[in-house]
Amino acid sequence: MMIKAIGFDLFNTLLVAHPETLEVATKRLLDALCSNGLTLDPMRFLELHKAKAVYYIKESQLTGRETHNSLWISAALKELGYQLEPNSPLIESAVEAYFSAFYDLVKVIPGTHAFLEELKSSFKLALVSNFTHYPACQRLLEILNLLPYFDFCLISGKFGFRKPHPSVFQAMCEALEVEPGQTAFVGDDLESDIHGALNAGLKAVWTSYVMDHNLPFAPGYVHTQVGPEDVPAPRISSWHELRGLIKEWA
């Protein structure tokens, strides 16, 4: 079946992060909490924050429902004696401080803008990202000038479910008015992107750009790295290779 639409993952697919992004983000988070009157032992808080993040993210992966950074922060602080709810203004400001590091340290993979512009003339394009905090993702896309290329954007932090939940891919296809079999999805994560797309009836393309260029994977506490033998989908490492694959499917 001819491809009429292409969906893209965000991190490690269109974007790469500086190796210190997570470290800088967590430092800004800690500084924001302390500047608002909390007295925290840095090592202990960061240890608890990471543990809570891993717990909530793994739970989210099991249920398909997206989690949020504010939950992790609140849970960590409660263990330290601060009874602050996730919607506390103090926690909300700390979340914004955390994601400010992404605005400074995340970059677009070279050639991406030109390639998306090329594709846009022939295909409907979608962006689908497992990103917990929708406002930060929206801001990042604005800073990196990616929004104009996409006919539809689905961010898990707003949608409520995350890849590989089938509702994510279903929503993308419905928004683009295409059948799953007419749609390809490009991503780096075996479970979220590849299995998620295939199980929803889409064609899948595994991008190994980050791995092949020895770049750090996108900032996060849980990420599955795989080898080529594990991936049941065509592999690309450049936009040139994807261009060739699309021609085969067109």
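Here is a yes/no grid of residues against (1) without any contact (Cβ under 8 Å) to a residue 40 or more places away in the chain; (2) among the acidic types (Asp, Glu); (3) surrounded by 17 or more Cβ atoms within 10 Å (Cβ to Cβ); (4) not assigned by TED's automatic domain parsing to the domain that holds Leu30:
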site: Leu84; (1), (2), (3), (4): yes, no, yes, no
site: Gly157; (1), (2), (3), (4): no, no, yes, yes
site: Gln182; (1), (2), (3), (4): no, no, yes, yes
site: His195; (1), (2), (3), (4): yes, no, yes, yes
Among the residues of the stretch 2-20, what is the count of those that are of a type in the set (A, V, I, L, M) and within 21 Å of Lys247 (Cβ to Cβ)? 5
Six or more apart or on different chains, Cβ under 8 Å: which pairs go from a residue in the stretch 35-56 that's under 18 Å from Gln83 (Cα atoms) to one that's of a type in the set (Asp, Glu)? Could you list them? Leu48/Glu79
Which of the residues belonging to the stretch 101-115 are of a type in the set (Ser, Thr, Tyr) and buried (at least 17 other Cβ atoms within 10 Å of the Cβ)? Thr112
Could you please let me know if Ala94 is within 30 Å of Ser238 (Cα to Cα) and of a type outside the set (Ser, Thr, Tyr)? no
Just to check your reading of the model, which residue among Glu79, Glu118 is exposed (fewer than 15 other Cβ atoms within 10 Å of the Cβ), within 24 Å of Ala32 (Cα to Cα) and more than 18 Å from the chain's Cα centre (by Cα)? Glu79
Considering only residues that are buried (at least 20 other Cβ atoms within 10 Å of the Cβ) and touching a helix residue (DSSP H, G or I) at 6+ places or on another chain (Cβ under 7 Å), which ones fall in the stretch 42-69? Phe45, Leu48, His49, Lys52, Ala53, Tyr56, Glu66, Thr67, Asn69
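The values are calculated or read from the model by the stated rules, or taken from the named source; none is laboratory data. Remember, it's a predicted structure, so these values are computed and weren't measured experimentally. Cβ sites come from the backbone with ideal geometry, for glycine too, and all protein chains shown count toward neighbours.
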